[in-house]
Amino acid sequence: MDYLYAVVLFAISSSVTPGPNNIMVMTSGVNFGIQRSLPLLSGICIGFAFMLLLVGLGFSRLFEWFPALHMIIKCAGVLYLLYLALLIARSADTQDAQSQSKPLSFLKGALFQWINGKAWVVATGAVAAFTTLGSGVDSQTVLIATTFLLVSFPCVGVWLLFGSLLKNWLNSAASRKRFNLTMAALLVISILPVLKELVEQLSGLVTTS
């Protein structure tokens, strides 16, 4: 159960914090309204979950061929996530995306994930940090992707529903700082179980060597 809580916390903190996806949704909501922006919202949420699933299934095959690679990637993933938490905590502002003549489509929202730097960091970090060898990597990947699919709709949807209000609120330096620190803290908390597991694994290796 602690594992599921950690995945949910990570999904919430990484989905709701400022990033290219949320900037696009917020701007579309302000310019075109909720109904016309729903295809973009759906494309982002479903597209990212599908991307994470494909990345995870590919990683699982590599882990079967090179077991030691799993711990290396997990360590790298945790470092990336801690770096992402630092960037969130130090984030000073959000930037408006350029206004579009019409809202982006479902397909464009889904395809955007493959060129979204934050999406790649989150997807690879989630798979590396929250999968464990010998416990069904494929099933864990499906669970992670499903969690992101369910969590991302309300988290990203907040930016659509309250785009103008949220944008004005984030323009306050004090409110923006509190928001970023809270999301960064949630991100770090979500990593703690993984750090504990890594320490136990490394201790085991030292003991057996």
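Some observations on this one:
- Spin-label model distance (nm) - W65 vs W114, 7 Å beyond Cα toward Cβ: 2.1
- Fewest-first ordering of Y80, Y5 by other beta carbons within 10 Å of each residue's beta carbon gives Y5, Y80.
- Hz values of 3J(HN,Hα) by residue in segment 33-46 - Karplus curve (6.51, -1.76, 1.60), Gly and Pro given as x: x, 5, 4, 6, 9, 4, x, 5, 4, 5, x, 5, 5, 6
- Alpha-carbon Rg with Dmax, taken over segment 1-68, Å: 16.1, 49
- When T17, T146 are sorted by how many other C-beta atoms sit within 10 angstrom of their C-beta, beginning with the fewest, the order is T146, T17.
Read the figures in this text as sums done on the coordinates, not as results from a lab. Just so it is clear, the structure is predicted and the values come from calculations on it, not from any experiment. All Cβ positions, even for glycine, are placed from backbone atoms using ideal geometry, and neighbour counts span all protein chains on display.
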